[in-house]
Amino acid sequence: MNQNQTTNILVVGVGGQGVMTASEILSEAAISQGYKVKKTEVAGMSQRGGVVSSHVRFGHMVLSPEIPPGEADILLGFEAAEAMRWSHYLRPKNGARGGMAMINRLRLAPPIVSLGLFAYPDDPVSAVRERGLEVHDFDAGEIARDLGDLRLVNTVMLGAISDNLPFPAETLKECITARFAAKKPELAELNAKAFELGKAAGKK
């Protein structure tokens with residue numbers, strides 16, 4: 001990405017997955033690099049299980065916190081169907097600036113499915129690919145489980161997009177580990193491992 005352009009990242013998932021935390025960390029990292037940042041977020045009807053989305057925009061001048069449809073550079077999908085539902089926000093492939101979806105393969109039906117308001121798609125990741133978008137998908141939960149803590153999914157997902165940001169991946173990693181370094185150094189080390197494993201998974 002061109003450092004002179006606004007970077008638009010849309011983070012989506014369901015309650016309890018760490019969507020808002022991920023957007024906060026992305027914002028902190030961008031601010032540390034001197035960018036202007038605007039962020040907005042919407043939580044669903046329940047704290048855990050309701051749909052959650054967060055718009056993060058940063059650059060040298062950012063006027064609005066909301067990403068217009070068709071303008072997102074990165075769609076960070078913590079849940080597969082939510083990634084599909086928001087995929088129209090991604091920038092279509094057009095030269096060098098097409099958007100990219102990074103999707104956790106997790107299938108977690110939100111309350112709108114159990115209420116009969118939304119039918120869960122058979123293959124949401126393939127549906128995003130069929131739109132002609134660049135898609136990277138992997139099982140972030142499996143990586144987190146192997147490390148012994150499912151809460152690490154959000155660090156894994158941030159690692160996965162870290163090489164696609166207009167600042168060094170190490171900057172994002174440091175923002176994550178700094179949250180634990182003083183009081184819980186063992187968690188800082190665990191999150192560093194999760195970040196690197198996510199970074200590798202995002203390249204496949």
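The values are calculated or read from the model by the stated rules, or taken from the named source; none is laboratory data. As the structure is a prediction and not an experimental result, all values here were calculated from the model. Here Cβ is always computed from backbone atoms with ideal geometry, including for glycine, and neighbour counts include all displayed protein chains. Side chains are part of the model used for accessible areas, which takes the heavy atoms of the whole protein and leaves out ligands, DNA and RNA. Shrake-Rupley method; radii C 1.70, N 1.55, O 1.52, S 1.80 Å.
Brief remarks on what is shown
- Each Lys and Arg adds +1 at its Cβ and each Asp and Glu adds -1 at its Cβ; summed about the Cα centre, segment 55-197 shows a dipole of about 280 debye.
- Estimated FRET transfer efficiency when R0 is 35 angstrom, pair Lys183-Lys204 (beta carbons, to 0.05): 0.55
- Relative contact order (%) - criterion: Cα under 8 Å, at least six apart; region: the chain: 19 percent
- Mean sequence separation of contacting Cα pairs (under 8 Å, at least six apart), scaled by the length of segment 92-181, corresponds to a relative contact order of 28 percent.
- Backbone N within segment 126-161 under 13 Å of label point (7 Å from Lys193 Cα along the Cβ vector): 143-150, 152
- Segment 78-161, Cα convex hull volume normalised per residue, Å³: 96 Å³
- Relative contact order (%) - segment 54-120, alpha-carbon pairs under 8 angstrom, separation at least six: 28 percent
- Reachable aspartates and glutamates from Lys204, criterion Cα separation under 20 angstrom, eight or more residues apart if same chain: Asp73, Glu79, Asp123, Glu130, Glu134, Asp137, Asp139, Glu142, Asp146, Asp163, Glu170, Glu196
- Taking 7 Å steps out from each Cα toward its Cβ at Asp122 and Asp146 produces label points 3.1 nm apart.
- Rg to Rh, two decimals, where the chain supplies the alpha carbon set and Rh follows Kirkwood: 0.95
- Choice from Asn164, Asn191, Asn94 with maximal GNM fluctuation in the chain (Cα, 10 Å cutoff): Asn94
- DSSP-loop chymotrypsin sites (Phe, Trp or Tyr not before Pro) across segment 82-184, with at most 14 other Cβ within 10 angstrom: none
- Sites matching trypsin sites (Lys or Arg not before Pro) across segment 96-154 that sit in DSSP coil, with at most 15 neighbouring C-beta atoms within 10 Å: Arg97, Arg107, Arg131
- For segment 100-163, GluC sites (Glu not before Pro) meeting the loop criterion (DSSP other than H, G, I, E, B) and having at most 14 other Cβ atoms within 10 Å: Glu130.
- Segment Ser114..Glu41, full-extension length gain: 23.9 nm, with 0.36 nm per residue of separation and the alpha-carbon distance subtracted.
- Across the accessible surface of the chain, with the other protein chains kept in place and a 1.4 Å probe, carbon and sulfur atoms take up 51 percent.
- Between Val156, Leu63, Ile143, the Cα set farthest toward the positive side of the dipole of the chain (charges on each charged residue's Cβ, about the Cα centre) is that of Leu63.
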